[in-house]
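Participant: Here it is: the structure, laid out below.
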Ligand code: NDP
């Protein structure tokens with residue numbers, strides 16, 4: 001069996017096109033331009049690249065992009081002042097604080113300083129708390145896990161009643177992904193580094209979300225035939241055939257897994273593009289909410 005390839009690039013492009021059209025409509029009909037502020041602390045090259053692509057996409061979709069690049073040794077008080085400034089700026093509908101932060105800064109306090117109505121990353125403790133509770137709705141859902149759910153839906157996999165296994169329990173991917181599946185009435189198992197008999201657990205899953213950060217860790221033999229597999233991992237492995245000497249792979253052994261899975265995301269080109277697309281959608285929704293168009 002050869003799995004259906006889940007094309008994250010195409011799904012992300014269609015979401016971005018809708019965001020572009022709605023942003024244009026908001027501007028012409030209501031005089032509101034959705035705005036995203038990015039806050040980058042320090043010189044982590046990956047973080048710089050991520051922030052750069054988020055700003056570029058914001059502009060490409062006709063939205064307002066503003067950002068600061070702060071020194072790695074900035075004090076917590078100074079950083080909180082910057083965030084509060086964006087919190088009060090009516091042109092800004094979303095504030096993104098790029099993680100990870102340097103170790104002297106308290107992540108919980110910093111993320112808690114983003115007003116929940118501008119928390120487009122969905123990391124504010126109140127939004128996380130609402131996501132974790134039954135019958136509560138967060139204003140925003142974290143972008144990468146939200147993208148995973150859209151990808152599962154894009155191939156028509158039924159989530160309700162399915163057995164889902166999430167590998168990883170991080171605050172930004174694994175845990176929110178598990179809550180989102182639970183909200184959609186899947187039966188969810190969360191696995192982590194102390195989980196015993198991982199292959200046996202994964203074998204029961206109709207849906208697998210892998211977010212552990214270990215290259216090609218999930219083997220084809222672990223998968224239930226026909227399962228939908230969402231690979232969040234982004235790992236660089238040596239590859240002498242490439243100019244850079246390396247290439248990116250996911251947490252799943254893709255080449256073999258695609259012969260067993262029913263549908264699977266590639267890396268790159270699967271979950272990656274969805275993260276930015278969902279951030280753009282969250283920013284648009286925030287502007288719509290500020291304009292009183294949605295709750
Ligand atoms: P973290 O390092 O924060 O979390 C990794 C999780 O995997 C932890 O919960 C850890 O368990 C678990 N884990 C580690 N080893 C094992 C193991 N052997 N068996 C089972 N579980 C294990 O990573 P993130 O969640 O931030 O990211 C995961 C991956 O996703 C990374 O490759 C990252 O680059 C990628 N990523 C991709 C994004 C995208 O846009 N596509 C966005 C964000 C991340 P424990 O809790 O016990 O330590």
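The values are calculated or read from the model by the stated rules, or taken from the named source; none is laboratory data. Nothing here was measured: the structure is a model prediction, and the numbers come from that model. All Cβ positions, glycine included, derive from the backbone under ideal geometry; neighbour counts span all protein chains shown.
Participant: For residues that are without any contact (Cβ under 8 Å) to a residue 40 or more places away in the chain and either crowded, with 18+ Cβ neighbours inside 10 Å or within 9 Å of the ligand (Cβ to nearest atom) (or both), scanning just the stretch 154-174, find the one that is nearest to residue 265 (Cα to Cα).
Facilitator: The extreme case among them is 174.
Participant: Residue 291 - would you say it is surrounded by 24 or more Cβ atoms within 10 Å (Cβ to Cβ) and touching a residue at least 40 places away in the same chain (Cβ under 8 Å)? Working first, answer last.
Facilitator: Working: surrounded by 24 or more Cβ atoms within 10 Å (Cβ to Cβ): no; touching a residue at least 40 places away in the same chain (Cβ under 8 Å): yes.
In short, no.
Participant: Same structure again: All but one of (1) in a strand (DSSP E or B); (2) within 10 Å of the ligand (Cβ to nearest atom); (3) touching a helix residue (DSSP H, G or I) at 6+ places or on another chain (Cβ under 9 Å) hold for residue 229; state the number of the condition that does not hold.
Facilitator: (2)
Participant: Here is a check on your reading of the model: is residue 79 within 30 Å of residue 182 (Cβ to Cβ) and in contact (Cβ under 8 Å) with a residue 12 or more places away in the chain?
Facilitator: Numbers: within 30 Å of residue 182 (Cβ to Cβ): no; in contact (Cβ under 8 Å) with a residue 12 or more places away in the chain: yes.
Here the answer is no, as residue 79 does not meet what is asked.
Participant: What are the residues in the stretch 195-217 that are more than 14 Å from residue 265 (Cα to Cα), within 11 Å of the ligand (Cβ to nearest atom) and touching a residue at least 12 places away in the same chain (Cβ under 8 Å), if any?
Facilitator: 198, 199, 201, 202, 212, 213, 214, 215, 217 - these are the residues of the stretch 195-217 that are more than 14 Å from residue 265 (Cα to Cα), within 11 Å of the ligand (Cβ to nearest atom) and touching a residue at least 12 places away in the same chain (Cβ under 8 Å).
Participant: What tally of residues in the stretch 257-281 results from selecting those that are over 19 Å from residue 31 (Cα atoms) and outside any loop (DSSP other than H, G, I, E, B)? Walk me through how you get there before you give the answer.
Facilitator: From the stretch 257-281, those over 19 Å from residue 31 (Cα atoms) are 257-279; that's our starting set.
Those left that are additionally outside any loop (DSSP other than H, G, I, E, B): 257, 263-264, 271-279.
Residues flagged as over 19 Å from residue 31 (Cα atoms) and outside any loop (DSSP other than H, G, I, E, B) within the stretch 257-281 amount to 12.
Participant: Residue 220 passes all but one of (1) within 15 Å of the ligand (Cβ to nearest atom); (2) at negative phi; which number fails?
Facilitator: Here residue 220 clears every test but (1).
Participant: Give 184, 169, 163, 136 a once-over and let me know the one that is farther than 30 Å from residue 81 by Cβ and modelled with pLDDT under 95. Reasoning before the result, please.
Facilitator: Details: 184 fails: modelled with pLDDT under 95; 169 fails: modelled with pLDDT under 95; 163 fails: modelled with pLDDT under 95.
Just a single option satisfies the conditions, and that option is 136.
Participant: Identify the residue in the stretch 134-153 that is more than 25 Å from residue 97 (Cα to Cα) and either free of Cβ contacts under 8 Å to residues at least 60 places away in the same chain or assigned to a loop (DSSP other than H, G, I, E, B) (or both) and, among all such residues, is farthest from the ligand (Cβ to nearest atom).
Facilitator: Top of the filtered list is 135.
Participant: Checking the structure you have, find out if any residue of the stretch 5-16 is buried (at least 17 other Cβ atoms within 10 Å of the Cβ) and more than 21 Å from residue 271 (Cβ to Cβ).
Facilitator: Checked the stretch 5-16: no residue is buried (at least 17 other Cβ atoms within 10 Å of the Cβ) and more than 21 Å from residue 271 (Cβ to Cβ).
Participant: Moving to a separate point now. For the stretch 1-118, give me every one of the helices (runs of 4 or more DSSP H) that falls completely inside it and has 3 or more residues that are farther than 30 Å from residue 156 by Cβ and out of contact with any helix residue (DSSP H, G or I) (no Cβ under 9 Å at 6 or more places or on another chain).
Facilitator: Result: 8-30, 45-60, 76-88.
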